[in-house]
Amino acid sequence: EYSGETLHGPAYGPTSHSTAASSTPSSSSAFRHVVPSRQIVERQPRMLDFRVEYRDRNVDVVLEDTSTVGDIKHILENELQIPASKMLLKGWKTGDVDDSTVLKSLHLPKNNSLYVLTPELPPPSSSHSGALQESLNQNFMLIVTHREVQREYNLNFSGSSTIQEVKRNVYDLTSIPVRHQLWEGWPPSATDDSMTLAVSGLTFPCHRLTVGRRSSPVQTREQSEEQCTDVHMVSDSDGDDFEDATEFGVDDGEMFGVASSALRKSPMMPENAENEGDALLQFTAEFSSRYGDCHPVYFIGSLEAAFQEAFYGKARDRKLLAIYLHHDESVLTNVFCSQMLCAESIVSYLSQNFITWAWDMTKEANRARFLTMCTRHFGSVVAQTIRTQKTDQFPLFLIIMGKRSSNEVLNVIQGNTTVDELMMRLMAAMEIFSAQQQEDIKDEDEREARENVKREQDEAYRISLEADRAKREAQEREMAEQFRLEQIRKEQEEEREAIRLSLEQSLPPEPKEESTESVSKLRIRTPSGEFFERRFLASSKLQVVFDFVASKGYPWEEYKLLGTFPRRDVTQLDPNKSLLEVKLYPQETLFLEAKE
């Protein structure tokens, strides 16, 4: 009989092939034996969050990444009361997708925002929207009777709560897992667990329900096995020869809790599948149909993509890789899948800490394909060890840890185990991984710190260069402005000089002292204290005096000419009057003063 014990030995990766090539591998002696030391910790599986906007409503949808786009539309159909066929779900970063697209293949972040368009539907009336909002805000009293113990629970839920939330709360109270709950009293319209209570058709404000435990297939098979055992004991005590169990209507597969492979409708995985992602999609669908929806979240994609997801992110985000190798011909497969692999504690722990990838080893072509992948990624020793495993030693569970230069197989768990032993081995592998992860996080933090210092230095240097450039540009602008002003000043001076010369040339000649005509002699003081004199005909216009003063560089637009006795502003007088008329005859002393 196979003992199922794991022997002590080194853990082989691709770098240790040469040292182990001379030894013949057997069972799981080529893998490290790990010893558990922690209690089981149950955690929720990894989910994707969607905030979906439709007109004036926002709907939060939480789904596993193995769900499809059509699953989101089905939930929105119940929430928004809109046919899925009328919906256009927009906002995908990868472009438009169809309803059969698996969310995992889109490589979405945890939190996503989408919106719904319904071009074929008219806008809803405000009264209908208000009534629905009012129903969502109502509180429902659910009186739930636990059938086995005849106990009632009065539970309050808001109208926005889902049927799934009610079932999970009942699980906390009754310890009946959701998949084993058998309900009575839900309205016919409550067809999906994702529906809210407001639209499920419950009686408001109080509704009665009954819950009991559903008989599991495993219990039914155990009862059948006990009946067969009793028949054998009676036959043996009467001295009759022991007969094969098939004479009692039970074949070998049913005695081990698994139906005959000939009775299965479809294989777990197609033979010679060209695309590993499509093969994993069929595997997941077939696994769910056989063992229920509570199972590990299988990574949809190639083994290389699973490596990338588990090992090549940031150190804090890395996980262990669990490879589940299925075999339909093994008598242990059904018990392992239904009792161990689908246990809620195992599912939660794997979802939280592992990337789980699966492969079906039943068909020879698929088996050869995996052994080729195994040789490429883990080396020939690990591949040979898996190759020598007998059919009844399946299924296998490989725990892989990614290292800097190679991938190391931490442990191989065979099918003849228990839930507790499986959990302890997973936790022991997590301890080894956590120690390595802390070292990787420390190295990554130090590397990021060095890169941050370098970035800061580069940024400081860039800012310094930018400041120097800005200073140089400011100096160039200042010099250009000074040059421009200087040019303007020169142009203005040249213009004023040209005007002065023109005025000087246009002045009438200065009359002589012995002139027979009346002559006025004017003495003009400048703001600097200098004096200049000139004779003018008494009949000359006052404008001639202004032109004379301007020809000396004092235009009358900028300076005013002041008389002494009496003090007056000559520039305010009529320039067309004569000097005699403005009483600047026979002589006068005037002062130049700049205008304000």
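Taking the range 118-152 as the range and being aliphatic (A, V, I, L, M), at pLDDT 85 or above and open to solvent by 50 Å² or more (accessible area, probe 1.4 Å) as the test, the residues that pass are Met141, Val149.
Kindly evaluate Asn154 against the criterion of being farther than 28 Å from Leu80 by Cα, free of Cβ contacts under 8 Å to residues at least 24 places away in the same chain and not assigned by the TED database to the domain that holds Val347. Steps first, please.
Numbers: farther than 28 Å from Leu80 by Cα: yes; free of Cβ contacts under 8 Å to residues at least 24 places away in the same chain: yes; not assigned by the TED database to the domain that holds Val347: yes.
Yes, satisfied.
Among the candidates Glu444, Glu517, the residue that is touching a residue at least 12 places away in the same chain (Cβ under 8 Å), more than 30 Å from Asp547 (Cα to Cα) and out of contact with any Cys (no Cβ under 8 Å at 6 or more places or on another chain) is uniquely Glu444.
Results for (1) modelled with pLDDT of 80 or more; (2) part of a loop (DSSP other than H, G, I, E, B); (3) within 19 Å of the chain's Cα centre (by Cα), shown as yes or no for each residue.
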site: His17; (1), (2), (3): no, no, no
site: Thr24; (1), (2), (3): no, yes, no
site: Phe31; (1), (2), (3): no, yes, no
site: Ser37; (1), (2), (3): no, yes, no
site: Val41; (1), (2), (3): no, yes, no
site: Lys73; (1), (2), (3): yes, no, no
site: Gly95; (1), (2), (3): no, yes, yes
site: Leu108; (1), (2), (3): yes, yes, yes
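Of the residues Ser502, Ser540, the single one that is crowded, with 19+ Cβ neighbours inside 10 Å and farther than 17 Å from Thr564 by Cβ is Ser540. Checked against the criterion of being open to solvent by less than 60 Å² (accessible area, probe 1.4 Å) and within 17 Å of Asp60 (Cα to Cα), the candidates Lys167, Lys73, Lys104 yield just one match: Lys73. Would you be able to say whether some residue in the range 385-402 is open to solvent by 20 Å² or more (accessible area, probe 1.4 Å), within 29 Å of Ser351 (Cβ to Cβ) and not assigned by the TED database to the domain that holds Leu321? No. Limited to the range 291-311, what total is found for residues that are surrounded by fewer than 16 Cβ atoms within 10 Å (Cβ to Cβ) and either at pLDDT 90 or above or farther than 25 Å from Asn407 by Cβ (or both)? So the count comes out to 1.
Kindly establish whether Ser515 is at pLDDT below 90 and of a type outside the set (D, E, K, R). Can you show your working first?
Details: at pLDDT below 90: yes; of a type outside the set (D, E, K, R): yes.
The answer is yes for Ser515.
In this structure, Ser434 does not qualify as assigned by the TED database to the domain that holds Ala306, at pLDDT below 90, within 33 Å of the chain's Cα centre (by Cα) and among the hydroxyl-bearing types (Ser, Thr, Tyr).
Filtering the range 190-211 to residues that are more than 17 Å from Ser160 (Cβ to Cβ) and either buried (at least 17 other Cβ atoms within 10 Å of the Cβ) or at pLDDT below 85 (or both) leaves Thr191, Leu209, Val211.
The values are calculated or read from the model by the stated rules, or taken from the named source; none is laboratory data. Here the structure is a predicted model, which means the values were calculated and not measured. Positions of Cβ are generated from backbone atoms using ideal geometry, with glycine treated the same way; all protein chains shown enter the neighbour counts. Protein only, heavy atoms only, side chains kept; ligands, DNA and RNA dropped before computing areas. Shrake-Rupley method; radii C 1.70, N 1.55, O 1.52, S 1.80 Å.
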